[in-house]
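Okay, so here's the structure we're looking at.
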Amino acid sequence: QVQLVDSGGGLVQPGGSLRLSCAASGIILSNYDMMWYRQAPGKQRELVAEDSSGGRTVSADSVKGRFAISRDNAKNTAYLQMNSLKAEDTAVYYCKAARFNPKTSNWDDYWGQGTQVTVSS
């Protein structure tokens with residue numbers, strides 16, 4: 001059974017930092033593209049950062065220079081380091097692992113349950 005567990009969210013003041021974790025079981029994360037999404041109240045879920053299994057990382061313009069995605073393959077865990085947080089970063093953050101399945105010609109993807117990040121003074 002595949003499970004992704006998001007953690008590390010909380011309440012932080014503007015300008016502060018948090019590190020989110022996404023611990024995986026049932027799959028080997030190094031074989032998957034890893035992504036972090038977020039969803040603010042009343043808004044659509046948006047891609048924040050991506051780390052492909054080939055090592056290419058991409059960040060949304062809104063977080064570029066402030067957020068960094070990484071992974072620790074030995075711990076089978078992905079991270080999102082968030083610095084210089086702003087009120088507009090308030091959202092529920094979700095990790096996602098995805099891999100193209102050539103047998104089905106579809107993507108296999110798995111989501112974490114989400115962790116709340118609130119940036120407020």
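Assigning unit charges at the beta carbon (Lys, Arg +1; Asp, Glu -1) and nothing else, what dipole magnitude in debye, to the nearest 20, does the chain show about its Cα centre?
Magnitude of the dipole: close to 60 debye.
List the residues of the stretch 8-30 whose backbone N lies under 20 Å from a point placed 7 Å from the Cα of SER52 along the Cα-to-Cβ direction.
Of the residues in the stretch 8-30, 28-30 have backbone N under 20 Å from the label point off SER52.
Can you compute the FRET efficiency between ASN83 and GLN1 using 1/(1 + (r/R0)^6), with r the Cβ-Cβ distance and R0 = 30 Å? Round to the nearest 0.05. Numbers along the way, then the final one.
On the way: r = 34 Å, r/R0 = 1.14.
E between ASN83 and GLN1, to the nearest 0.05, is 0.30.
Provide the per residue accessible area, probe 1.4 Å, for the chain, rounded to a whole number of square angstrom. Don't skip to the answer; put the middle values down first.
Values: 6560 Å² over 121 residues.
Ligands and nucleic acids excluded, the figure is 54 Å² per residue.
Which of LYS43, LYS96, LYS86 moves the most in a Gaussian network model of the chain with Cα springs under 10 Å?
Its mean-square fluctuation being the largest, the pick is LYS43.
What translational diffusion coefficient, in µm²/s and rounded to a whole number, does the Stokes-Einstein relation yield for the stretch 53-109 at 20 °C and a viscosity of 1.002 mPa s, taking the hydrodynamic radius as the Kirkwood radius over Cα pairs? Walk me through the numbers on the way to the answer.
Numbers: Rh = 13.7 Å.
The Stokes-Einstein estimate is 157 µm²/s.
Binning at 5 Å from 0, report for the stretch 1-42 what percent of all alpha-carbon pair distances ends up in each bin.
Percent of Cα pairs in each bin: 5, 15, 23, 23, 15, 10, 7, 1.
Provide the FRET efficiency to the nearest 0.05 for the GLN13-GLN113 pair, computing r from the beta carbons and using R0 = 22 Å. Display every interim value, and only then the final one.
Values: r = 25 Å, r/R0 = 1.15.
That gives a FRET efficiency of 0.30.
List the residues of the stretch 89-112 whose backbone N lies under 13 Å from a point placed 7 Å from the Cα of ALA74 along the Cα-to-Cβ direction.
Correct set: none at all.
Round to a whole number: what % of the accessible area of the stretch 1-98 belongs to carbon and sulfur, probe 1.4 Å?
Details: 2230 of 4900 Å².
The computed percentage sits at 45.
The values are calculated or read from the model by the stated rules, or taken from the named source; none is laboratory data. This one's a predicted model, so the numbers in the text were calculated from it and none came from an experiment. Here Cβ is always computed from backbone atoms with ideal geometry, including for glycine, and neighbour counts include all displayed protein chains. All accessible areas refer to the heavy atoms of the entire protein, side chains included, with ligands and DNA or RNA removed. Shrake-Rupley method; radii C 1.70, N 1.55, O 1.52, S 1.80 Å.
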